[in-house]
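**Q** The structure is given below, and queries will be raised subsequently.
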Amino acid sequence: MLEILGTVASDLFTWQNILFMNLGLFAGIIIGALPGLTATLGVALLMPMTFGMKMVPGIVLLLGVYCGGIYGGSITAILIKTPGTPASAATALDGYPLAQEGRAGYALDAALKASTFGGIFSAFVLIFVAPQVARFALTFSAVEYFALSLFGLTIISSISGKNQVKGLISGMLGLLVSCIGIDPINGTSRFVFRTDLLAGIDVIPAMIGLFAITEIINKSRSVFKEAGIMQKFSSKGIPAGEFWSKIGNLLRSSFIGTFIGAVPGTGATTASFLAYNEAKRVSKSKETFGTGNIDGLMASEAANNGVTGATLIPLLTLGIPGDTVTAILLGAFMMQGVTPGPLLIKNNPETIYTIMCSLLVVNIFMLLQGKFFVRIFANVTRIPVALLIPLLVNLCMLGSYAGNNSVFDVKLSIIFGIIGYILILLDVPLTPMVIAMVLGDICENNLRRGVAMASGSYMIFFKRPISLVLIIISAISLLYPMVRTLIDDARAKKNRNGEKSE
Amino acid sequence: MNKYTKDKITGLGTLLFGLAMLWYIIPNWVVMKTANLNHTSPDTFPRFASWVLVLLGAFLLGQAFYNERLQKHGDGNGQEAATKKDERSFGDKFKAFISSDTYCVLMTAFTILLFDFLLTRIGYIKTGCICSVLLLVAFRSKKWYHYVIVIAFTFFLYYLFSKVLLVKMP
């Protein structure tokens, strides 16, 4: 192993590889930061460039775009509550309040370091235990996928705070939105009011609408109040001591990201919400989540970047692409004459370990480049609201369009923006709707597949151990915040009555 | 709008939406297959979500009425504050309106809708410039460089998306 790593190091540390890695990271961070453009699009856009390149520079370029793209989404999520990618939606929950407090530098720095930590963690898992993890992940069937997505959906309960009923309403609306389009099991249409809806509702315009347009409209209320007033601003990052005091949260979130990433077909968005939920669940200050708790932000970022290395596990060890990005990467590998799979590890370990180790190096360079970006981007919070709004309207409209080159997506984002604004006025939280839209699809499809596998019996979900454990945790996770709220209310009532009688 | 009014509107809206889904939208807009071999049908999940919406809506509505009643009881029969008659002239009212939050919200929402309307008709660059400048005018921005920045930003985005990211622009 050490001999192979020596060869890999000499292959990897050439000036061309370092250059292309950094170019990829730069492009990835910019693409990820632009609303509507995802890491997948970045990898697809830059893939043709690698055809004329040698294998290692080509692959490190694409890995740079991939990691940079996932991290880049957090920048706009924190600064303007517009997640650059769906995977950063959970980051906006606590990142944006921190930026509003004038601590944009702190939030961006924490997101960068957490992303790097998650990325390096998953790269180590990829290097040392990839085959074992891949074998375990492949034991997942529709039953386990359903249980996993159900567990993800229980986040709705914990992030709704005291607004449990309204949070559930928002979640149910999200589930209904996820049903729009062609039914994947029977192939019939559902709620297809016009042909543009045949493929369903894309999460990106919906998210731009719910998070960004809603926030733009909401923010416009402060135009005259804030005119000419410079917002509080600090570019100071997170102190090293504070960062390392969060090691438990980072390790847990990176583990969640790595595990979710290794399971084909789940993805960074699911991982970030699950990690956010877990961070909140174990936190002593649960009530501060959603108002600028750094643990929530770091959990989300460590998890979504933890996915980057893990998605390569089934790809490199078994030749199975787990999501769209890895499917594109598989194409790029094959164009370079590399066919991922068990035979590659056996016959050509240097190649596979070069790819694995390059991911580690990419994450280290991401930290260095990110430091540079943080200083520049943190200044966005100093822009006066009157100027910021026209810039954001422009960016969001174009971002909604660019994902699928569709004018209909622009309309969709506006509709979701208006719905979001009305819901905010009625104190209905929006995040449960986004979570349900992302997970609803996975949940429904796998529920129906599982039931079909068991010839109509729902008991199959309780007969398989992983599924059973996940369902039990889901039930606890769903009911605990509700019971807790009831207990707190009862205690408060008792105290009030006690004070009155005194 | 107080908390109870918000809860009542949300509850009633959810209840009506859930019922509309169950009785009108799902039967008309979910295409079913006659022979279903999958044990679950395309309307299983939407029906489940709609029923939950109906229940949650009814619960929220009932809870809002109950809590409001309790509150009124506690506050001594809920005395209502007398509403003051607005005696300002139309000009004063208009001036107050164009400096209000509502005006900014309406202008922003209008510009977003205008963006969508113009995008396919006159293309991105013109739409971006018109809408950005319109917003700055509406917000009464007096700094000339704000106008330069928004127009330059529109051109920068156009170049970035169309030339670098190869997005086919409208």
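The values are calculated or read from the model by the stated rules, or taken from the named source; none is laboratory data. Quantities reported herein were computed from a predicted structural model and do not represent experimental measurements. We place every Cβ from the backbone using ideal geometry, glycine too, and count neighbours over all the protein chains shown.
Rundown of residues vs (1) at pLDDT 90 or above; (2) surrounded by 21 or more Cβ atoms within 10 Å (Cβ to Cβ); (3) within 13 Å of chain B (Cβ to nearest Cβ); (4) in contact with a strand residue (DSSP E or B) (Cβ under 6 Å, 6 or more places away or on another chain), yes/no style:
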residue: A:GLY181; (1), (2), (3), (4): yes, no, yes, no
residue: A:PRO184; (1), (2), (3), (4): no, no, yes, no
residue: A:VAL192; (1), (2), (3), (4): yes, no, yes, no
residue: A:MET207; (1), (2), (3), (4): no, yes, no, no
residue: A:GLU226; (1), (2), (3), (4): no, no, yes, no
residue: A:ILE229; (1), (2), (3), (4): no, no, no, no
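**Q** Would a scan of region A:376-398 turn up a residue that is β-branched (Val, Ile, Thr), more than 22 Å from A:GLY95 (Cα to Cα) and not in a helix (DSSP H, G or I)?
**A** Scanning region A:376-398, I find no residue that is β-branched (Val, Ile, Thr), more than 22 Å from A:GLY95 (Cα to Cα) and not in a helix (DSSP H, G or I), so the answer is no.
**Q** In region B:144-170, what residues are at pLDDT 90 or above and either over 28 Å from A:LEU41 (Cβ atoms) or among the charged types (D, E, K, R) (or both)?
**A** Across region B:144-170, the qualifying residues are B:TRP144, B:TYR145, B:HIS146, B:TYR147, B:VAL148.
**Q** Here's something else I'd like to know. So which residues in region A:435-464 are crowded, with 24+ Cβ neighbours inside 10 Å, in contact with a Leu (Cβ under 6 Å, 6 or more places away or on another chain) and more than 10 Å from chain B (Cβ to nearest Cβ)?
**A** A:LEU439
**Q** Taking the stated definitions as given, is A:ALA262 buried (at least 22 other Cβ atoms within 10 Å of the Cβ), closer than 25 Å to A:VAL56 by Cα, touching a residue at least 60 places away in the same chain (Cβ under 8 Å) and among the aliphatic types (A, V, I, L, M)?
**A** Criteria met by A:ALA262.
**Q** Still on this structure, I have one more. I need a count of the residues in region A:13-58 that are small (Gly, Ala, Ser), free of Cβ contacts under 8 Å to residues at least 60 places away in the same chain and away from chain B (no Cβ under 14 Å).
**A** Counting residues in region A:13-58 that are small (Gly, Ala, Ser), free of Cβ contacts under 8 Å to residues at least 60 places away in the same chain and away from chain B (no Cβ under 14 Å) gives 1.
**Q** Considering only region A:471-484, I want to know if a residue exists there that is within 12 Å of chain B (Cβ to nearest Cβ), surrounded by fewer than 19 Cβ atoms within 10 Å (Cβ to Cβ) and touching a residue at least 24 places away in the same chain (Cβ under 8 Å).
**A** no
**Q** When region A:434-454 is examined, which residues are found to be in a helix (DSSP H, G or I) and of a type in the set (Gly, Ala, Ser)?
**A** Across region A:434-454, the qualifying residues are A:ALA436, A:GLY440, A:GLY450, A:ALA452.
**Q** Hey, can you tell me all the residues within region A:455-470 that are assigned to a loop (DSSP other than H, G, I, E, B) and either in contact (Cβ under 8 Å) with a residue 60 or more places away in the chain or touching a strand residue (DSSP E or B) at 6+ places or on another chain (Cβ under 8 Å) (or both)? Let's see the steps before the verdict.
**A** Here is the first cut: in region A:455-470, the ones assigned to a loop (DSSP other than H, G, I, E, B) are A:455-459, A:464.
Scanning region A:455-470 gives a single hit, A:ARG464.
**Q** Can you tell me how many residues in region A:381-410 are touching a residue at least 40 places away in the same chain (Cβ under 8 Å) and over 24 Å from the mean Cα position of the chain (by Cα)? Quick ask: steps written out before the conclusion?
**A** Of region A:381-410, the ones touching a residue at least 40 places away in the same chain (Cβ under 8 Å) are A:381-382, A:384-386, A:388-389, A:392-393, A:395-396, A:398-404, A:406, A:408-410.
Filter again for over 24 Å from the mean Cα position of the chain (by Cα), leaving A:382, A:384-386, A:388-389, A:408.
Total satisfying the criteria: 7.
**Q** Tell me yes or no: at least one residue of region A:99-107 is crowded, with 24+ Cβ neighbours inside 10 Å, at pLDDT 85 or above, more than 14 Å from chain B (Cβ to nearest Cβ) and within 16 Å of the chain's Cα centre (by Cα).
**A** Looking through region A:99-107, none of the residues is crowded, with 24+ Cβ neighbours inside 10 Å, at pLDDT 85 or above, more than 14 Å from chain B (Cβ to nearest Cβ) and within 16 Å of the chain's Cα centre (by Cα).
Per-residue answers, yes or no, for (1) assigned to a helix (DSSP H, G or I); (2) touching a His at 6+ places or on another chain (Cβ under 9 Å); (3) aromatic (Phe, Trp, Tyr):
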site: A:GLY248; (1), (2), (3): yes, no, no
site: A:ARG252; (1), (2), (3): yes, no, no
site: A:PHE255; (1), (2), (3): yes, no, yes
site: A:SER272; (1), (2), (3): yes, no, no
site: A:TYR276; (1), (2), (3): yes, no, yes
site: A:LYS280; (1), (2), (3): yes, no, no
site: A:THR291; (1), (2), (3): no, no, no
site: A:LEU316; (1), (2), (3): yes, no, no
site: A:THR326; (1), (2), (3): yes, no, no
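**Q** Looking only at residues in region A:359-380 that are surrounded by 16 or more Cβ atoms within 10 Å (Cβ to Cβ) and of a type in the set (Phe, Trp, Tyr), which one is farthest from A:GLY105 (Cα to Cα)?
**A** Going through the qualifying residues, I end up with A:PHE365.
**Q** In region A:406-418, is there at least one residue being aromatic (Phe, Trp, Tyr), at pLDDT 90 or above and surrounded by 20 or more Cβ atoms within 10 Å (Cβ to Cβ)? Even if it seems obvious, please write down each step before you answer.
**A** Filtering region A:406-418 for residues aromatic (Phe, Trp, Tyr) gives A:408, A:416.
Filter once more, so that each one left must be at pLDDT 90 or above: A:408, A:416.
Narrowing further to those that are surrounded by 20 or more Cβ atoms within 10 Å (Cβ to Cβ): A:416.
Yes: one or more hits.
**Q** Also, I was wondering about something else. Suppose we filter B:LEU53, B:LEU60 for residues that are in a helix (DSSP H, G or I), modelled with pLDDT of 95 or more and at the interface with chain A (Cβ under 8 Å from one of its Cβ atoms); which single one remains?
**A** B:LEU53 is the lone residue from the list that is in a helix (DSSP H, G or I), modelled with pLDDT of 95 or more and at the interface with chain A (Cβ under 8 Å from one of its Cβ atoms).
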